[in-house]
Structure formats: C-alpha cells, structure tokens
Amino acid sequence: MTRKMDGNDMALFYYVKNHLGLVVDIIGLTTFLFSIGAWFHSRRVDKRHKAQLAKHEERIDIRLTDGRREIIVGSPRRKWLTRSELNGLLGLLPMSLGKETNMEKEKQPRYVLNSIDWTKVGKEIEKAQDGEASKLLVQCTPEELDQFDKNIIKEVSM
C-alpha cells in the first residue's frame, strides 16, 4: 500500500533533491584531499625506505688490530654483518705456515683469539648494523695477531 505524499514530505524531498549535489561535492572534495595526502605520505615513506636499503648495502671495514699493526679481515655488507660472519671471515685468513715435512705443509690450525671481549664486539657489531659506525675494530694481543700470515699484517701509522 502506497502512501500519498503530503506537504511535509514534499518539502523534505525538495530539500534533499536540491542539496544532495552539495553533499556529494563535499564528500568528493574530501576524498580527493585525503588521496593527495596519502600520495605524499607514500612518497615520503618510499624515499625513507630506499635510503634505508642503500644504507644496508654499504660495506663495513673489519680490522683485527693490536694497536700497532692490523689485518684487514674483510668488508661485508652492513646487512650481513654478524658475529658468525666475523668468525667466518677470521677463519678464512691465512695462518702462519707450519713446519714443512716431505714437501707437505702441516694442517694449519684454527685461529685462537682468547683476549677478545665478545660482548664488546657484539655491541660494536650492533652499532655497525644500526648505521652508527662504518668500521669495526677488533682488539687483540700482539701474540694473537702473530698467528696469522705476516704478509697480511700491516703497520698502523699513528
């Protein structure tokens, strides 16, 4: 059953019909302004993300030093710098040659670095990972440095 429109209903219908366009225009303009703001925000976030990715690709110099001499251990990317990576790079360094018998070299021993404070080294690694440092200096004793091949040990100029 349909109801007949009276005067009040006609006034409401007339009001909505004439002002609905204005409401739709306001909603459209608000949506447009929010989309512009979201676009600017996404560009800013994208720029920050690209800068962060570039920072992760930087190389970190790792050096083993006794204060007078040093060995350049390697230069891994910042994002790959961990304690295990450091230990792996140290393991790749050539050791002092052992005694040669029958034209064969004795098996080279693994490095020994007992004086290193791994807690301090861990904090230095975290600083390098966070972008606060571009070089990692690992302090050791002269005896520990001497276990490596003398050809890779460089004097440090002070």
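Residue-by-condition table, conditions (1) touching a helix residue (DSSP H, G or I) at 6+ places or on another chain (Cβ under 7 Å); (2) at pLDDT below 90; (3) in the same structural domain as GLU132 (by TED's automatic domain parsing):
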residue: LEU20; (1), (2), (3): no, yes, no
residue: ASP25; (1), (2), (3): no, yes, no
residue: ARG44; (1), (2), (3): no, no, no
residue: ARG69; (1), (2), (3): yes, no, yes
residue: ARG77; (1), (2), (3): yes, no, yes
residue: TRP80; (1), (2), (3): no, no, yes
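Among the residues of segment 127-150, the ones that are within 18 Å of PRO94 (Cα to Cα) and either in contact with a strand residue (DSSP E or B) (Cβ under 9 Å, 6 or more places away or on another chain) or without any contact (Cβ under 8 Å) to a residue 24 or more places away in the chain (or both) come to 10 in all. Annotation: of all residues in segment 1-10 being loosely packed, with under 10 Cβ neighbours inside 10 Å and assigned to a helix (DSSP H, G or I), the one that is modelled with the highest pLDDT is ASN8. Filtering LYS17, LYS79 for residues that are surrounded by 10 or more Cβ atoms within 10 Å (Cβ to Cβ) and in a helix (DSSP H, G or I) leaves a single hit, LYS79.
Name the residue, out of ALA51, ALA38, that is under 16 Å from the mean Cα position of the chain (by Cα), modelled with pLDDT of 90 or more, of a type in the set (Gly, Ala, Ser) and not assigned by TED's automatic domain parsing to the domain that holds SER115. Going through ALA51, ALA38 in turn, just one is under 16 Å from the mean Cα position of the chain (by Cα), modelled with pLDDT of 90 or more, of a type in the set (Gly, Ala, Ser) and not assigned by TED's automatic domain parsing to the domain that holds SER115: ALA51. Restricting GLU104, GLU155 to residues that are at pLDDT below 90 and more than 17 Å from VAL73 (Cα to Cα) narrows the list to GLU104. The residue of segment 135-158 that is nearest to THR82 (Cα to Cα), among those that are surrounded by fewer than 13 Cβ atoms within 10 Å (Cβ to Cβ) and polar (S, T, N, Q), is ASN151.
The values are calculated or read from the model by the stated rules, or taken from the named source; none is laboratory data. Given the structure is predicted, the values throughout are model-derived calculations rather than measurements. Here Cβ is always computed from backbone atoms with ideal geometry, including for glycine, and neighbour counts include all displayed protein chains.
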